[in-house]
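Worksheet for the structure shown next.
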Amino acid sequence: MGIWILIPVFLPVIAGVLLLLPVKQEDVGDSSKESLTRLHTVTAVVLVVSAVLALLAAWSGDNSYTWFELMEGIPIYFQVDDVSRLFVTVFSIAWVLVCFYAFTYMEHEGKERRFFGFYLIVYGVLVALCFSGNLVTMYLFYELMTLTSMPMVLHSGTRESIMAALKYLFYSMCGAYLGLFAIFFLYKYCDSITFTAGGTLNLALAQGHTGILLAAVMAALIGFGAKAGMFPLHAWLPTAHPVAPAPASAVLSGIIAKAGVLSIVRVVFYIVGADFIRGTWVQTAWMTLSLLTVFMGSMLAFREKVVKKRLAYSTVSQVSYILFGLSVLSPTGMEGALLHVVFHAFIKCALFLTAGIFIYRAGLSEVDQLEGIGKKMPKTLWCFTFASLALVGIPPASGFISKWYLAQGALEANVGVFGWAGPAVLLLSALLTAGYLLSIVTNGFFPKVKSNAHTAIAAEKNSLPENSAGETQTETSSCQASDPLAGVTEAPLGMLIPLAIFAALSILLGVFPNPLIQFVSKIATAVM
């Protein structure tokens, strides 16, 4: 396919840049229905066409293309392999569905032209990251992904969102520089920096330099693990998600966090090789950090009262499930990790889109405020329920399949105490996940007789200024105060349909997992 592999990269980037260019009377134009319809149409057409072209490039064969030589021996190079196919397919499906949801949601946030401009640009950068054929190309687009996705975090322009975006930028850049440190050393001791299943490390050249190479690999794990939310560079996630618009939170959690996973997969299994770190202190440290993050994220999510922040801590925990599966360096563990990449992407998008609907339709952002919401928004809460069951890992939902493989991968690997500690931590985390997600479901469908949160809201609404006759409130406002969910209705179809598709995928991929299992098994077998 050659140069055609670049079309799904540059088409959305160019369209996004054009949307960001200043236009006359932008504020007036963006508020008109006709202008918004035109904006949505252009965005949808460009994104869908780009996604189709990306999937065609991925599944039409083993394509490769050298764009240009950055310097002698270091080309900006693209190639398609099975890992590219898996990640670009998941990214494309999720990106398109969240976009259609955002058409309705962003009416609530405003500044839509800017949001969709950056949304298109980030998709093009992600496609380039998936298709990257060597370490330098991967690093280039990894950094571009951070820079282009940051505006989606600071979209509202509040002081809180600006500080969150700066924190996201700082953590991501620090992580990327650790990755760059690793690339310097790997370039010297590898036969090639082109991604090759099983690795390209020259063991003869590396002899006598094992210590510094292991340190470089550890730097890459921590650095690229920052985007995946692994301790100690995880703190940007619970800060950035609550302030970003719900569609941005969904893709940050479900998709962009997986860019860190993709980068780690490339470094460990396609450059260094699993055998080089198996049984070393690097593997021990990697397993320790991933399990610590799993437990810590689940505990913090269980204690958190803000819905989006709870889901952000959940992402910290769940993405480290993937990292643990990779760290045991067994075929089954890697299969479980790659399965969880797919399942978690769709599940977490569903959960964040649900949180966005609660904010959009009812202005509710805290867990305690959602009591009884199932009576007003049953379809939305049922979608949240299916996604929650999948994330907990209750069969036959998809999360059960990936967690089964993760546990089996730890048990079959020769990793000492981690062979049983890993499954134990995963089980404990699953119980905590049930606690912080299913409690929302049960209280939403079966509220208490009198909700403390609703009482507080009612009290606030009761404290209205007196009118000229000395009356404190009308009969209508009294009714609204007694029921703070009065007037709340189900989400519009433009938001419900993408949410329902994500929820359905969360269940159906667990009911019919065999094609995906066979595909990830092929990847794991090739690199181990």
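The values are calculated or read from the model by the stated rules, or taken from the named source; none is laboratory data. Since we're looking at a predicted model, the values are computed, not measured. For neighbour counting, all protein chains shown are included, and Cβ atoms are generated from backbone atoms with ideal geometry for every residue, glycine included. Accessible surface areas use protein heavy atoms only, side chains included; no ligands, DNA or RNA. Shrake-Rupley method; radii C 1.70, N 1.55, O 1.52, S 1.80 Å.
Data for the structure
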{"read-out": "Separation of the F446 and E72 label points, Cα + 7 Å toward Cβ, nm", "value": "7.4 nm"}
{"read-out": "Helix 112-131 axis, angle to the chain major axis (alpha carbon atoms, nearest 10°)", "value": "20 degrees"}
{"read-out": "Inter-label distance, nm, simple model (7 Å from Cα along the C-beta direction), A504/M163", "value": "4.3 nm"}
{"read-out": "Solvent-accessible area per residue, Å², over the chain with all protein chains present [probe radius 1.4 Å]", "value": "38 Å²"}
{"read-out": "Cα pair distances of segment 293-374 binned at 10 Å [whole percent]", "value": "19, 40, 28, 11, 3"}
{"read-out": "Loop-located trypsin sites (Lys or Arg not before Pro) in segment 267-324, at most 16 other Cβ atoms within 10 Å (DSSP)", "value": "R278, K305"}
{"read-out": "Environment charge at I322 (Cβ cut-off 15 Å; Lys +1, Arg +1, Asp -1, Glu -1)", "value": "+4"}
{"read-out": "Reduced Cα scattering model of segment 137-292, Debye log10 I(q)/I(0), q = 0.10, 0.12, 0.19, 0.20 Å⁻¹", "value": "-0.37, -0.52, -1.08, -1.17"}
{"read-out": "Cut-off 18 Å (backbone N to label point 7 Å along Cα→Cβ of I517), residues of segment 334-358", "value": "334-344"}
{"read-out": "Cα point-scatterer Debye curve for the chain, base-10 log of I(q)/I(0) at q = 0.06, 0.07, 0.13 Å⁻¹", "value": "-0.29, -0.39, -1.27"}
{"read-out": "Cα-based helix-to-principal-axis angle, 493-511 vs the chain, degrees rounded to 10", "value": "50 degrees"}
{"read-out": "Per-q log10 I(q)/I(0), segment 250-303, q = 0.19, 0.27 Å⁻¹ (Debye; single scatterer per alpha-carbon; no solvent)", "value": "-0.84, -1.07"}
{"read-out": "In degrees, nearest ten, helix 7-20 long axis to first principal axis of the chain (Cα)", "value": "40 degrees"}
{"read-out": "The chain - percent relative contact order, Cα under 8 Å, separation 6 or more", "value": "14 percent"}
{"read-out": "Accessible heavy-atom area order of H209, H155, highest first, probe of 1.4 Å", "value": "H209, H155"}
{"read-out": "Whole-percent pair-distance distribution, where bins are 5 Å wide, for the alpha carbons of segment 340-402", "value": "4, 19, 27, 22, 14, 11, 4, 0"}
